[in-house]
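K.L.:
Next up is a structure, given as structure tokens.
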Amino acid sequence: MDAAIRLKVNGALREVSCDPDAPLLAVLRNELDLKAARFGCGHERCGACLVLLDGVPTYSCAFPVSAVREREVVTVEGLGTEAAPHPIQTALLEEQAGQCGYCLSGIQISAAALLAKTTSPSRDEIKAALEPNLCRCGVHLRVIHAVERAAAMLRQGAAA
Amino acid sequence: MIRNTLPQSLVDNPRLDQWIAFEPDRTVTLKTGKVEIGQGILTALRQIAAEELDLQPPQLKLLSGDTELTPAEAFTAGSLSVEIGGGAVRLVCAEVRARMLESAAAKLGTDAAELAVEAGEITRAGTSTGLDYWSLAGTIDLSAQATGSVPTKRPSDFRVVGRSEQRIDLPVKVFGGGFIHDMVLPGMLHARIVHRPWTGAQLSTPDEAVGRLAGPGVEFVRDGDFVAFVSPDETACAAALGRAWLRLEWTGGEPFAPEQSEAEWLLSLPTKDRQIGPDNAPAPDAAFRVEARYSRPYLAHASIGPSCALALFKDGRLDVWSHSQGVGPLGGSIARALGLAPGSVAVHHAQGAGCYGHNGADDVAMDAAIVALRRPGTPIRVLWMREDELSSSPFGAAMVTEIAAGCDADGRVLDWTLRVTSPTHVSRPGAHGEIHLLSAEALATPVPRPEGREFPDERGGGATRNSFALYDLPPQRIIHRLVPRLPIRTSALRGLGTLGNVFAIESAIDEIAERAGRDPVAYRLSIMSDPRARRVIERAAEMAAWNPDDEGGTGSGRGIAFSRYKNHAAYAAVVAEVEVDEEVRVKRLFAAVDAGLVINPDGAINQVEGGAIQAVSWATKEQVRFEDGRVATATWDVYPILRFPEVPEVEVQLVGDPNDPPLGIGEVALGPTAAAIGNAVAHALGVRVRNLPLSRDRVMAAAMEAG
Ligand code: FES
Ligand code: FES
């Protein structure tokens, strides 16, 4: 049975009517027209669907929408835009860290959560933070460089 | 010199206006049949066009892969897009520029040689003439046939080509869009497909029971052994599919068996044999012989985004949106399979997740088409699930490559035979004149799967790709044993037979060097006279600070391997450094690549890095397995691929001469990387593992055997 569900997404309050057991991913993509979180496996194993729930990277593919409750959902659309990009977005483009790009939404979520905790992550911390994210095209090294670049941008921003 | 022989793409699409259009908004549309599959081709083609037309790259808009709007260029595959698609664009653009200048010269009463172009403006002695491409467009006949005879720019004059350009398709993807998966058509219904668990399986569940599985709000479409669930609610559709996977009952056909997981199973099947090269016999005076059997397993494409397609059947016309590598052949196969007139099917390319060969893109388009025909007027979107992607896409073909070589005491090869046993590597829609669509086999009026046929040698071959070793060897005998009939569906995966053959040849070369007491780098150079090959081998060794005196056998090791992709595309040599305890960990890779003129160096390096990392995953982790009649590796848990913490450092250098023609680069790194890892593992362990993947089990078994 469909139910009315209220969500806080990218800073806005949204209300949808849907199956409360539907995965958050399906609601974001089909009800709210937010296409950045992507379907990859549906089993919490590839990271394509990651979103932030109160700042914590969360697989939206298997997360029932009714369980979100009061938590704040942030998707890549909420991280930044072409006009006002998040440092990780700028850095991914500057490093040309992408081939097909399908993995990049989830990667941004993992990276943004890491950068919110520390702006001087070690190589190993970056790799560990990106462990949930699969990339088949093999842009891993560029992504790692992009996270380092974004960290440097944030450090400079803080120093300025 | 870059020769102006007519590329096939231009022979097939000779009119200038098939390639180019001047738009009222002062942009230029470049039309291409080649499609973006994550490799950056649109960016490279835009650079080529901007170069020859003297435009800024942003003045060009790309239109790609549409059966009605763009040139028909068959497939985007085989690392041929820059060589052939790019070659056509270069000639067309040079010709259009020359025609524009002639027209301007006539208007200005001057000589075309006096004129130049800057960002589309016609200039004389550095000042504007007031004329530009757009004001002149009406004066030249773009419906004329390209002659291909206008000289193209010399590399020394290049401004845009050879300069790293940012990928044009990346920003939209970084900001969360850009994929076929995101397309929404008004009134669209979602569908999920039940694919047969094994070849020829028959669905014994009656319709009423299938209907009960569908659940509320979900309808089902059944045609023979093909079942689709259709609903406006994607979640309900997926839930129905989940129930169907558990409950539907299948009989007959050819259930998969565990032994089929191993490449060596192929040796028990009937083959069609042929010989390439002369007869030979073991040299009677050989000081030693190296005779060994190597193999690679079935591999999954394992794209991160499952295949997706949309279809709409309306007023007798079928429109399909697809991330296929070949929109034209796909449309033709769908029309034939569904009994539609060829002209009534249009296929429009939309971007999918990374594509490394013939994956599920074509099959999901057929799935959408079948459902669309049953729901005229309603757009249908089909998304495959992870399980479909890992078990219903065609697999990269397993291969067994056996090498027998007799050598003198210094390791000079006296006789050389290579025998490769493999199913086909090419069963794309339209290949060999066949339909080749998965669900066409399941319909009540089925299109049966034809016998496997192999890709012709003159186009690089399939199982025989890179089976001829480029070293200075005596006449090589190659025996190709095609396995034409088997229940496993195989088709093109990045590099086709290259992975198996280069792994085998480069392993055997190391085995010979070892028996002769020679250093692997020095030995390779002693039997290689192609200067471009020597250069990449030398450079890779230099980059890795190769030490000939490193004895190995200590749990860490290094290895080198070389190949020239298809023996006529780019050259690559790779050095791998590994650590082996129970598992193989690849620490660093050094790759030297000669691709001649490189259009977009950063894009090319990205391709080589990515290919090298993918090859690490193939070589150390991946194998499709079968159990209980089904594909047993249908999720990431059981088909793991390389993750971030396991990725090695990769250093790439491009060492080609820009005066040499551009050579395809997308597949160049895979074979040599896998082979270099194999050689490094042998160096680390003192014992060789000859079957891919170099998994924990295989490494442990080899170490035990060596004691
Ligand atoms: S789609 Fe959620 S982890 Fe793969
Ligand atoms: S760029 Fe294609 S999956 Fe990461």
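K.L.:
Restrict the check to segment B:286-300 and report whether at least one residue is more than 16 Å from ligand 1 (Cβ to nearest atom), within 14 Å of chain A (Cβ to nearest Cβ) and open to solvent by less than 10 Å² (accessible area, probe 1.4 Å). Steps first, answer last, please.
P.N.:
The first filter runs over segment B:286-300 and keeps only residues more than 16 Å from ligand 1 (Cβ to nearest atom), leaving B:286-299.
Now drop any that are not within 14 Å of chain A (Cβ to nearest Cβ), which leaves B:299.
Remaining after also requiring open to solvent by less than 10 Å² (accessible area, probe 1.4 Å): B:299.
Yes - at least one qualifying residue is present in segment B:286-300.
K.L.:
Condition first: within 16 Å of ligand 2 (Cβ to nearest atom), open to solvent by less than 10 Å² (accessible area, probe 1.4 Å) and either charged (D, E, K, R) or more than 7 Å from chain B (Cβ to nearest Cβ) (or both). Now tell me which residues in segment A:70-110 satisfy that.
P.N.:
A:I88, A:A91, A:A97, A:G106, A:I107, A:Q108, A:I109, A:S110
K.L.:
Out of curiosity, is B:P520 within 20 Å of B:F562 (Cα to Cα) and open to solvent by 10 Å² or more (accessible area, probe 1.4 Å)? Write out each step before concluding.
P.N.:
Details: within 20 Å of B:F562 (Cα to Cα): yes; open to solvent by 10 Å² or more (accessible area, probe 1.4 Å): yes.
So B:P520 fits the description; yes.
K.L.:
Working carefully through the options B:E622, B:E627, find the one that is of a type outside the set (F, W, Y) and either crowded, with 20+ Cβ neighbours inside 10 Å or under 22 Å from A:C100 (Cα atoms) (or both).
P.N.:
On the way: B:E627 fails: either crowded, with 20+ Cβ neighbours inside 10 Å or under 22 Å from A:C100 (Cα atoms) (or both).
After applying the criteria, what remains is B:E622.
K.L.:
Here's something else I'd like to know. Residue check: is B:V652 in contact with a His (Cβ under 7 Å, 6 or more places away or on another chain) and surrounded by 16 or more Cβ atoms within 10 Å (Cβ to Cβ)?
P.N.:
no
K.L.:
For segment A:111-160, give me the residue count where each residue is open to solvent by 20 Å² or more (accessible area, probe 1.4 Å) and within 16 Å of ligand 1 (Cβ to nearest atom).
P.N.:
Total meeting the criteria: 3.
K.L.:
Return the residues of segment B:587-620 that are under 22 Å from B:M700 (Cβ atoms), away from ligand 2 (no atom under 16 Å from the Cβ) and not in a strand (DSSP E or B); say none if nothing qualifies.
P.N.:
Across segment B:587-620, the qualifying residues are B:A619, B:T620.
K.L.:
A further question on this structure: Give B:R558, B:R588, B:R524, B:R518 a once-over and let me know the one that is under 24 Å from B:L694 (Cβ atoms) and within 14 Å of chain A (Cβ to nearest Cβ).
P.N.:
Only one candidate qualifies: B:R588.
K.L.:
To continue, here is another question. From (1) more than 22 Å from A:I107 (Cα to Cα); (2) within 16 Å of ligand 2 (Cβ to nearest atom); (3) of a type outside the set (A, V, I, L, M, F, W, C), pick out the condition that doesn't hold for A:D21.
P.N.:
(2)
K.L.:
Can you find a residue in segment A:51-58 that is modelled with pLDDT of 95 or more and within 16 Å of ligand 2 (Cβ to nearest atom)?
P.N.:
Here is the first cut: in segment A:51-58, the residues modelled with pLDDT of 95 or more are A:51-58.
Still in the list and also within 16 Å of ligand 2 (Cβ to nearest atom): none.
No - not one qualifying residue is present in segment A:51-58.
K.L.:
Can you pull out every residue in segment A:29-60 that is over 15 Å from A:G78 (Cβ atoms) and either more than 12 Å from chain B (Cβ to nearest Cβ) or open to solvent by 20 Å² or more (accessible area, probe 1.4 Å) (or both)?
P.N.:
Within segment A:29-60, A:N30, A:E31, A:F39, A:G42, A:H43, A:E44, A:R45, A:Y59 qualify.
K.L.:
Moving on to the next point. Which residue, of B:E579, B:E506, is modelled with pLDDT of 95 or more, surrounded by fewer than 24 Cβ atoms within 10 Å (Cβ to Cβ) and of a type outside the set (F, W, Y)? Reasoning before the result, please.
P.N.:
Numbers: B:E506 fails: surrounded by fewer than 24 Cβ atoms within 10 Å (Cβ to Cβ).
None of the other options fit; the residue is B:E579.
K.L.:
Filter segment B:212-261 down to the residues that are more than 14 Å from chain A (Cβ to nearest Cβ), among the charged types (D, E, K, R) and open to solvent by less than 40 Å² (accessible area, probe 1.4 Å) and list them by number.
P.N.:
Initial filter on segment B:212-261 (more than 14 Å from chain A (Cβ to nearest Cβ)): B:212-214, B:219-230, B:243-244, B:246-261.
Filter once more, keeping what is among the charged types (D, E, K, R): B:212, B:219, B:222-223, B:225, B:243, B:247, B:249, B:254, B:259.
If the condition is that a residue be more than 14 Å from chain A (Cβ to nearest Cβ), among the charged types (D, E, K, R) and open to solvent by less than 40 Å² (accessible area, probe 1.4 Å), then B:D223, B:D225 are the ones that fit.
K.L.:
Given the conditions (1) within 30 Å of B:G611 (Cα to Cα); (2) touching a Gly at 6+ places or on another chain (Cβ under 7 Å); (3) open to solvent by 10 Å² or more (accessible area, probe 1.4 Å), which single one is not true for B:L10?
P.N.:
Result: B:L10 passes all but (3).
K.L.:
Which count do you get for residues in segment B:350-387 that are touching a helix residue (DSSP H, G or I) at 6+ places or on another chain (Cβ under 8 Å), surrounded by 24 or more Cβ atoms within 10 Å (Cβ to Cβ) and more than 23 Å from B:L185 (Cα to Cα)?
P.N.:
Adding up the residues that qualify gives 3.
K.L.:
Here's another thing I want to ask about it. Considering each of B:P658, B:P645, B:P672 in turn, give the residue that is open to solvent by 40 Å² or more (accessible area, probe 1.4 Å) and more than 14 Å from chain A (Cβ to nearest Cβ). Before you say what the answer is, go through the steps one by one.
P.N.:
Values: B:P645 fails: more than 14 Å from chain A (Cβ to nearest Cβ); B:P672 fails: open to solvent by 40 Å² or more (accessible area, probe 1.4 Å).
Answer to the check: B:P658.
K.L.:
So which residues in segment B:45-66 are open to solvent by less than 10 Å² (accessible area, probe 1.4 Å) and either of a type in the set (S, T, Y) or touching a Gly at 6+ places or on another chain (Cβ under 8 Å) (or both)?
P.N.:
Those that are open to solvent by less than 10 Å² (accessible area, probe 1.4 Å) and either of a type in the set (S, T, Y) or touching a Gly at 6+ places or on another chain (Cβ under 8 Å) (or both): B:L45, B:I48, B:L53, B:L55, B:G65.
So that you can scan it fast, the table gives a plain yes or no per residue for (1) more than 28 Å from B:G406 (Cβ to Cβ); (2) touching a residue at least 12 places away in the same chain (Cβ under 8 Å); (3) in a loop (DSSP other than H, G, I, E, B):
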position: B:E259; (1), (2), (3): yes, no, no
position: B:P270; (1), (2), (3): yes, yes, yes
position: B:D273; (1), (2), (3): no, yes, no
position: B:D279; (1), (2), (3): no, yes, yes
position: B:P284; (1), (2), (3): no, no, yes
position: B:V290; (1), (2), (3): no, yes, no
position: B:S295; (1), (2), (3): no, yes, no
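K.L.:
Something else about it: Counting only residues that are within 20 Å of A:G106 (Cα to Cα) and either open to solvent by 20 Å² or more (accessible area, probe 1.4 Å) or at pLDDT below 95 (or both), how many does segment B:632-642 have?
P.N.:
3
K.L.:
Could you grab me the full set of residues in segment B:523-550 that are out of contact with any helix residue (DSSP H, G or I) (no Cβ under 8 Å at 6 or more places or on another chain), open to solvent by 70 Å² or more (accessible area, probe 1.4 Å), touching a residue at least 24 places away in the same chain (Cβ under 8 Å) and closer than 27 Å to B:E291 by Cα?
P.N.:
Once the filter is applied, which keeps residues that are out of contact with any helix residue (DSSP H, G or I) (no Cβ under 8 Å at 6 or more places or on another chain), open to solvent by 70 Å² or more (accessible area, probe 1.4 Å), touching a residue at least 24 places away in the same chain (Cβ under 8 Å) and closer than 27 Å to B:E291 by Cα, segment B:523-550 yields only B:S529.
K.L.:
Condition test on B:F158, is it within 21 Å of B:I41 (Cα to Cα), open to solvent by less than 60 Å² (accessible area, probe 1.4 Å) and more than 10 Å from chain A (Cβ to nearest Cβ)? Let's see the steps before the verdict.
P.N.:
Numbers: within 21 Å of B:I41 (Cα to Cα): yes; open to solvent by less than 60 Å² (accessible area, probe 1.4 Å): yes; more than 10 Å from chain A (Cβ to nearest Cβ): yes.
It is true that B:F158 is within 21 Å of B:I41 (Cα to Cα), open to solvent by less than 60 Å² (accessible area, probe 1.4 Å) and more than 10 Å from chain A (Cβ to nearest Cβ).
The values are calculated or read from the model by the stated rules, or taken from the named source; none is laboratory data. Since this is a predicted model, take the numbers as computed values, not measurements. Neighbour counts run over all protein chains shown; Cβ positions are idealised from the backbone, glycine included. All accessible areas refer to the heavy atoms of the entire protein, side chains included, with ligands and DNA or RNA removed. Shrake-Rupley method; radii C 1.70, N 1.55, O 1.52, S 1.80 Å.
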